[in-house]
Amino acid sequence: MLLQCLAVISLGVAGVGVVVPGLPTTEFVLLAAWAAARSSPRLHGWIVRHRLFGPLLAHWQAGRLPRRAKWAATATMGLAATVAALTVPHRVGVALLAACMAGVLVWLWRRPEP
């Protein structure tokens, strides 16, 4: 029951992330699919067949990420780093945050594309 709630909430946040800049979509879709696979085969099947979320999961499972997703992640992380640099007074924390994001982006851009 808890995993099913997590799946539904994550899917809702992912849906909001589609239209709200800065809110990640991919991570919440992956979390929703994981939780649904362990709690509700019906919900998992719906997510996998969904016209918006299904292709993202298919690419992820195949180990490939579309260039559009890579650019969206790059823009979102750039925006988040900029906001952090302008609002967070702890420069070391901002530098660590930016370094982590840079590492993720290097990994992300090295993934094959469909």
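Tally up the residues in the stretch 10-26 that are part of a helix (DSSP H, G or I) and in contact (Cβ under 8 Å) with a residue 12 or more places away in the chain, please.
6
Of the residues in the stretch 31-56, how many are buried (at least 17 other Cβ atoms within 10 Å of the Cβ) and assigned to a helix (DSSP H, G or I)?
11
Quick check: is even one residue across the stretch 57-80 exposed (fewer than 12 other Cβ atoms within 10 Å of the Cβ) and among the aromatic types (Phe, Trp, Tyr)?
Looking for residues that are exposed (fewer than 12 other Cβ atoms within 10 Å of the Cβ) and among the aromatic types (Phe, Trp, Tyr), one finds at least one in the stretch 57-80, hence yes.
So in the stretch 9-30, with the set limited to residues that are of a type in the set (Val, Ile, Thr) and surrounded by 15 or more Cβ atoms within 10 Å (Cβ to Cβ), which one is modelled with the highest pLDDT?
Applying the filter and picking the extreme gives Val13.
Every residue in the stretch 2-39 that is farther than 15 Å from Ala75 by Cα and β-branched (Val, Ile, Thr), please.
Scanning the stretch 2-39 gives Val8, Ile9, Val13, Val16, Val29.
Return yes or no: is Leu96 free of Cβ contacts under 8 Å to residues at least 12 places away in the same chain and of a type in the set (A, V, I, L, M, F, W, C)?
In short, yes.
Answer yes or no: is there a residue in the stretch 67-86 that is assigned to a loop (DSSP other than H, G, I, E, B) and more than 12 Å from the chain's Cα centre (by Cα).
Among the residues of the stretch 67-86, not one is assigned to a loop (DSSP other than H, G, I, E, B) and more than 12 Å from the chain's Cα centre (by Cα), which makes the answer no.
The values are calculated or read from the model by the stated rules, or taken from the named source; none is laboratory data. Because the structure is predicted, anything quoted here is derived from the model rather than measured. Heads up, the Cβs are rebuilt from the backbone with ideal geometry, glycines too, and the neighbour counts pull from every protein chain shown.
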